[in-house]
Every structure is written in C-alpha cells, then in structure tokens.
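*Asks:* I have a structure here, written as structure tokens, and I will follow up with some questions on it.
Quick note: the coordinates plus some simple rules give every number you see, no bench work behind them. Keep in mind that what you see is a predicted model, and the values were worked out from it rather than measured. Neighbour counts are summed over all protein chains in view; Cβ atoms, including those assigned to glycine, are modelled from backbone coordinates with ideal geometry.
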Amino acid sequence: MKYNAKKFINFQNPHIIGTEKKEVLKTISNNQLIGPGNFISKAEKLLEKQLKCKKVVLTNSGTDALEMACILSNFGPGDEVIIPSFNFPSSATSVLRTGATPVFVDVSSKKMSICIDSIKKSITSATKGIIVVHYAGIAADIIEIVKLAKKFNLIVIEDAAPAIYSKYSNKYLGTFGDFGVISFHATKNIFCGEGGALIINNSKDINRAQVIREKGTNRFLFSQGKISKYTWIDHGSSFIPSSLQASFLYAQLKQGIKITKKRLNIFKIYNDFFRKHISKDKIEIPIIDEKNFGNGHFYWILLPKSKRMIFMEKSKANGLEVTTHYEPLHSSVAGKRYGRHLVDLKNTEDLSKRILRLPIHTQISKSDQKRILDILDRTINECLI
C-alpha cells in the first residue's frame, strides 16, 4: 500500500508562529541588521530570564556555541575531552578546533545519554573536560557528573542543544555545568533556521566570551562607548548572529513555554501508548525519573535490530515517517583518525542500530495524534506480532 502524500505525517515540520515577520520587519525598519544590540540583546535577556541563568550570548549555531565553550575552557594540544560516541559530530569537531583530543565513551541504555561509569574509566592525567549531551531534551546524570568533575578539576560543558526549557530537580539544563549550549536549528523546538546560544554560568567568563564572539576583538566595549576604538586581543571568530536571526528567534521564544507544553502532551500520549506494548512486542521506551522534566523534543523506541528497517518501511507505507538517529562517532572515518576510546562502546553500537524516533511537532493536531496511534498499532501488528 502506498501512502497518501496529503495525509502523510512527516517527522519534522517547523512551525511558523505568525509573529516572526512583524519582529523581522522591525529590525529592517530600524536599519540595525548587525549586533550586538537590538534583537540580539532582547533575545539574550529574555532567555536569561526564562532559564534563570547568569548570562546568555547568542551565536550563529549550536556548533558555534560549542566551539566558544571549548575556547573558553582553554582546551589545547595534549588535552583530552570526554564526549559520548552516540552524538552529533559538533562535539568532536569543537574539541578538535582547540587541538585537544576527543575521547569517546558509552551511553546508558536507559536514557541514551552519557554513561557515568564509562566516564570514570576514561579519566586520565590528560583529561581536561567532559561534554555532556542531554539526549532528546532529557537530562543525563548531570548532578553526579558535576560532582565527579569537581573531584578531578574538570570543565563541564552541557550540550543541551535539544533541551531548551528542560529541567532536572527544578533547575534548567545548561545551567549545571560551567557552560551550556542550546541550538535553534530548524529541527529544534524553538528555531530561527540556524542559530544557537551559549549559557555562561561563571561570571569570570562573560567578558572573554564577548571578545571571542566578536572575532577576538573588544568590539563589544566599543559598541557600548567604553573605548574609542577596538582591536584584536584574543582567540575568536565571527560567532555573532545577525539581528535578523535574533528577531525571528525572539518571536519564537515569547511562545516557548506554550510550544513546550504542547510537545510534552504528545510525548505523554506516545508514552502511554507504548507502555501497553513493552513486554509482548519487545519494544523498549525511555525511562524517565520523577525529577526529570523534559521538553518533548522527540520520542524514541528501541526495537530488535532485525525489525527496525521493516518497521520503518511499514510505518512509511501506512503514512507515518519515523527515523533513526546518530551513527557512532568512534567508528566513523574522522573518529578513528582523530579520537580514541578507552572503554567498550557496546551500548552505543547496539542502541544506534535499534533506535527509532517518532515525530513531535506543534502542527500535530488531535486528529493527527489519533491517526498516528492507529498507524503505530497497525505497524506493530504487521512487524512485531
């Protein structure tokens, strides 16, 4: 059976709220297309208020924010930085940019996030930091990881790229470690096409972050009228976004909590549905403790390896797009060349071949939700029973 394109439910469907154009036109009419003022400052201040953090600096992408965090952490040649292998390449490339070496560790089968035991076994005298990925907007064991990092005097960078508004123990992800990173890519809950933000949790790093974002210059002080001319004083790059990006983002951020609530509702509907199928259909679902408050970035299931491709094809034929996720970094061409690992990565290798992600986006209506569950039920019966 072929799917009907008009009724087909895509995995991604970025939602334009409707007020973005109004904000973008403001920055055009004000003739202020570059920062750091105007909508860049407005969006930063709104995020600081929403996330209850010391400082936010907007960037062109989540990758830019990760690169800034690595520069601010003073990683360099001879240093090692621990990262999960089940991960987007930006964590590894950001480490490489500083001359340091990414050290790959395993993930937990319960959360799909970095495994603390794997971290412990990978710490050496060269270890300088840990990049923690909060997979799917659900917190890793961040409190235990921060404790471990303090014991060994390590920098903690929270890659909260998909985790805006997610909390653990009523504290926002990205605000536990030394730095936090958020992405506003079109695939994320809140977006502006591309875009990102660096959360700075130590006051001592704020001024240097402004310099690094402005190509290594003290232009930020110049823009505030505190110096008569600016000059090159540090490492840096063109990490600052335009006010056009920021104005679009500002409109999205104002609706951020509302968007999150809708996505969480869909997440719960999936979770309730799959609870009925865990044992008889060999489906594993996310395990989330009571202190973990996610943001509904996406929902995932784990299937037997032999069934995943069949399930994807049947689901598509029935009118629903489901998709896989990361390929392990340690087994990639670049991972073998530039990184290393000291532990067995069997969870990463196993889970990467079993995971399927389901769509959660704000354009899924109540009738769509019912139809999705009908499709999933039909697909389970066709593939797993």
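*Asks:* Quick check on my link table: of LYS167/LYS353; LYS21/LYS42; LYS52/LYS268, which ones sit more than 20 Å apart, alpha carbon to alpha carbon?
*Replies:* Values: LYS167/LYS353 28 Å; LYS21/LYS42 16 Å; LYS52/LYS268 26 Å.
LYS167/LYS353; LYS52/LYS268, as the Cα separations exceed 20 Å there.
*Asks:* Ok, one more. Might you report the magnitude of the Cβ-based charge dipole of segment 297-385 about its Cα centre, with Lys and Arg at +1 and Asp and Glu at -1, to the nearest 20 debye?
*Replies:* 160 debye
*Asks:* Within the chain, which DSSP H helices have Cα atoms that stretch 20 Å or more along the helix axis and a mean Kyte-Doolittle hydropathy of at least -0.5?
*Replies:* In the chain, the long hydrophobic H runs are 256-275.
*Asks:* Highest first, please rank the peptides 56-66, 211-221 by the mean number of other Cβ atoms sitting within 10 Å of their residues.
*Replies:* Most protected by this proxy first, the peptides run 56-66, 211-221.
*Asks:* Can you check what the net charge comes to around THR98, using other residues whose Cβ is under 9 Å from the Cβ of THR98 (Lys, Arg +1; Asp, Glu -1)?
*Replies:* That sum, taken over residues with Cβ under 9 Å, equals -1.
*Asks:* In nm, give the distance between the simple-model label positions of ILE288 and ASP272, each being 7 Å from the Cα along the Cα-to-Cβ direction.
*Replies:* According to this spin-label approximation, the distance is 1.4 nm.
*Asks:* Taking only DSSP H segments of four or more residues, each worth -39500 (n - 2.57), what value at 222 nm results for the chain once the sum is divided by all its residues, to the nearest 500 deg cm²/dmol?
*Replies:* Values: 15 runs with 151 residues, N = 385.
Result for the chain: -11500 deg cm²/dmol, rounded to the nearest 500.
*Asks:* How large is the dipole of the chain about the Cα centre if only Lys and Arg carry +1 and Asp and Glu carry -1, each at its Cβ, rounded to the nearest 20 debye?
*Replies:* Around 900 debye, computed over the chain.
*Asks:* As an exercise, identify the trypsin sites (Lys or Arg not before Pro) in segment 1-78 lying in DSSP coil whose Cβ has no more than 12 other Cβ atoms within 10 Å.
*Replies:* When the trypsin sites (Lys or Arg not before Pro) of segment 1-78 are filtered for loop state and at most 12 Cβ neighbours within 10 Å, LYS2, LYS6, LYS7, LYS52 remain.
*Asks:* Quick one: check the C-alpha center-to-center distance for segment 260-276 versus segment 355-379, whole angstrom.
*Replies:* Cα centres, segment 260-276 to segment 355-379: 10 Å.
*Asks:* While we're here: Dipole of the chain (Lys/Arg Cβ +1, Asp/Glu Cβ -1, origin at the Cα centre): which of PRO359, ILE310, HIS185 lies farthest to the positive side?
*Replies:* Farthest towards the positive end: PRO359.
*Asks:* Placing unit charges on C-beta atoms (Lys and Arg positive, Asp and Glu negative, everything else neutral), compute the dipole magnitude of segment 35-124 about its Cα centre in debye, rounded to 20.
*Replies:* 460 debye
*Asks:* Antiparallel as a % of all DSSP beta bridges within segment 82-164, to the nearest 5?
*Replies:* Working: 1 of 10 bridges.
About 10 percent, rounded to the nearest 5.
*Asks:* By the scheme Lys and Arg +1, Asp and Glu -1, what is the net charge of all other residues having a beta-carbon under 15 Å from that of SER183?
*Replies:* Result for the neighbourhood of SER183: -4.
*Asks:* Taking Cα pairs under 8 Å and at least six residues apart, what relative contact order does segment 259-385 come out at, in percent?
*Replies:* Contact order relative to length: 34 percent.
*Asks:* Same structure again: Counting only C-alpha contacts under 8 Å and six or more residues apart, can you give the relative contact order of segment 314-385 as a whole percent?
*Replies:* Details: 41 pairs, mean separation 34.3, N = 72.
Across segment 314-385, relative contact order equals 48 percent.
*Asks:* How much of the DSSP beta bridge set in the chain is antiparallel, as a percent to the nearest 5?
*Replies:* 55 percent
*Asks:* Another question about this same structure. According to the square roots a ≥ b ≥ c of the eigenvalues of the Cα gyration tensor, what is the shape class of segment 58-148, taking rounded for a/c under 1.5, prolate for a/b larger than b/c otherwise, and oblate for the remainder?
*Replies:* oblate
*Asks:* Rounded, prolate or oblate: which one fits segment 240-385, using the alpha carbon gyration tensor with axes a ≥ b ≥ c (rounded when a/c is under 1.5, else prolate when a/b beats b/c, else oblate)?
*Replies:* Because a/c hits 1.5 or more and a/b fails to exceed b/c, segment 240-385 counts as oblate.
*Asks:* So who's got an amide H within less than 5 Å of the one on ILE155, skipping anything under 5 residues away but keeping other chains? H placed 1.01 Å off N, in plane.
*Replies:* Those qualifying (amide H under 5 Å, at least 5 residues apart or on another chain) are GLY129, ILE130.
*Asks:* Another one. For a protection proxy built on the mean count of beta-carbon atoms within 10 angstrom, sort 321-327, 250-256 highest first, please.
*Replies:* Values: 321-327: 17.7, 250-256: 19.9.
Those peptides, ordered most packed to least, come out 250-256, 321-327.
*Asks:* If the chain between THR231 and LYS49 were fully stretched, how many nm would it gain, using 0.36 nm times the residue separation less the Cα-Cα distance?
*Replies:* Taking THR231 through LYS49 to full extension adds about 62.4 nm, to one decimal.
*Asks:* In addition: Under 1.5 on a/c is rounded, so check that first for the chain, then, if it is not, pick prolate when a/b is larger than b/c and oblate when it is not; a ≥ b ≥ c are the square roots of the alpha carbon gyration tensor eigenvalues.
*Replies:* It is oblate, given that a/c is not under 1.5 and a/b is not larger than b/c.
*Asks:* So, one more: Under 18 Å from the 7 Å Cα→Cβ point of LEU373, by amide nitrogen: which residues of segment 291-317?
*Replies:* 299-301
*Asks:* Right, next: Please go through the residue pairs LYS7/LYS171; LYS147/LYS226; LYS110/LYS307; LYS7/LYS262; LYS171/LYS229 and name each one whose alpha carbons sit more than 31 Å apart in this structure. Each step should come with its number before you reach the end.
*Replies:* Working: LYS7/LYS171 39 Å; LYS147/LYS226 39 Å; LYS110/LYS307 20 Å; LYS7/LYS262 21 Å; LYS171/LYS229 40 Å.
Violating the 31 Å Cα-Cα cut-off are LYS7/LYS171; LYS147/LYS226; LYS171/LYS229.
*Asks:* Under a point spin-label approximation (7 Å from Cα along Cα-to-Cβ), what is the ALA334-ASN10 distance to one decimal in nm?
*Replies:* 2.6 nm
*Asks:* With unit charges on the beta carbon (Lys/Arg positive, Asp/Glu negative), name the residue among PHE222, ILE269, HIS235 whose Cα is farthest towards the positive pole of the charge dipole of the chain.
*Replies:* Looking along the dipole axis, the top candidate is ILE269.
*Asks:* If I model a spin label as a point 7 Å beyond the Cα along the Cα-Cβ vector, how far apart are those points for LYS120 and SER365 in nm?
*Replies:* 5.2 nm
*Asks:* Let me ask something else about it. Report the Cα centroid-to-centroid distance between segment 182-235 and segment 293-320 in angstrom, as an integer.
*Replies:* 38 Å
*Asks:* Between THR59 and residues 5 or more places away or on another chain, which pairs have amide H atoms under 5 Å apart, with H built 1.01 Å from N, and which residues are they?
*Replies:* Amide H neighbours of THR59, under 5 Å, 5+ apart: GLY196, ALA197, LEU198.
*Asks:* Let me ask another. State, as an integer percentage, the relative contact order of segment 177-231 based on alpha-carbon contacts under 8 Å between residues 6 or more apart.
*Replies:* 23 percent
*Asks:* Moving on to the next point. Where the centre of each part is set by its Cα atoms, how far does segment 64-111 sit from segment 112-156, in angstrom?
*Replies:* Comparing the Cα centres of segment 64-111 and segment 112-156, I get a distance of 11 Å.
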